[in-house]
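The values are calculated or read from the model by the stated rules, or taken from the named source; none is laboratory data. In this text the structure is predicted, and so the values were computed from the model without any measurement. Note that we place each Cβ from the backbone using ideal geometry, even for glycine, and neighbour counts take in every protein chain shown. These accessible areas exclude ligands, DNA and RNA; they are computed on the full protein's heavy atoms, side chains included. Shrake-Rupley method; radii C 1.70, N 1.55, O 1.52, S 1.80 Å.
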Amino acid sequence: MPKITSSNTKSLFVSYIVKIIISSVISIFVLATVFSFITLKLDLDLKALEYFSVAICALSSVIISYVSISGFKNNFLLLSLLSVFPLAVFSIINFCVSGQGSFAFELVKIAVIFVFAMCVAIFKSSRKSR
């Protein structure tokens, strides 16, 4: 990737935001559909969906982080954490609107989102150093 200059900063920022939005929507939709299908076909209790939501958040965090930081050379950790912030906000709003589950479980889900984003950033930076 070429050196960032002030003339292309706006387009770089816009493409970063677009990558975050598109990868967030697609990953949440696809993963929620897959886990709903699994729950339906295996005739699992709806209590399993609460635990599947953690898996959906974790996998979405990995996908969003990886897609959004591809194309950058530096600041993987900061960009990765910023990229999953909308997912964390979505999760909090979903918790407040639905009123189901416990607050502690929601905190664990938010922590999982950010931990997986940090793991992607560390993985990406370690691959860069080789």
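If you average over every viewing direction, what projected area does the convex hull of the Cα atoms of the chain give, in nm²?
9.1 nm²
Can you bin the range 67-130 into rounded, prolate or oblate? Criterion: square roots of the alpha carbon gyration tensor eigenvalues sorted a ≥ b ≥ c, rounded for a/c under 1.5, prolate for a/b above b/c, oblate for the rest.
Prolate.
How much area per residue is accessible in the chain when the probe is 1.4 Å and only protein heavy atoms are counted (Å²)?
65 Å²
From the Cα gyration tensor of the range 35-85, with a ≥ b ≥ c the square roots of its eigenvalues, which class applies: rounded if a/c is under 1.5, or else prolate if a/b is larger than b/c, or else oblate?
Prolate shape, in that a/c is at least 1.5 and a/b is the bigger ratio.
Per-residue counts of other Cβ atoms within 10 Å, averaged by peptide: what ranking do you get for 99-105, 48-54, highest first? Walk me through the intermediate numbers first.
Details: 99-105: 10.1, 48-54: 15.3.
Ranked from most to least packed, the peptides come out as 48-54, 99-105.
Could you work out what % of the accessible surface of the chain is carbon and sulfur, using a 1.4 angstrom probe and leaving DNA, RNA and ligands out of the count?
On the way: 6230 of 8420 Å².
That share works out to 74 percent.
In nm, to one decimal, how far is the A104 label point from the V54 one, both placed 7 Å along Cα→Cβ?
1.2 nm
Determine the equivalent ellipsoid of the range 12-56 by diagonalising the alpha-carbon gyration tensor, then write out the semi-axes as square roots of 5 times the eigenvalues, largest first, rounded to whole Å.
Square roots of five times the eigenvalues give 30, 9, 5 Å.
Using label points projected 7 Å from each Cα along Cα→Cβ, tell me how many nm separate V25 and S70, to one decimal.
Label-label distance for V25 and S70, simple model: 1.9 nm.
About the Cα centre of the chain, how large is the charge dipole given +1 on each Lys and Arg Cβ and -1 on each Asp and Glu Cβ? Please answer in debye to the nearest 20.
Dipole of the chain, to the nearest 20 debye: 820 debye.
Once you've got the Cα coordinates, tell me which of K10/K109; K19/K73; K19/K124; K19/K47 are over 24 Å apart.
Violating the 24 Å limit, Cα to Cα: K10/K109; K19/K47.
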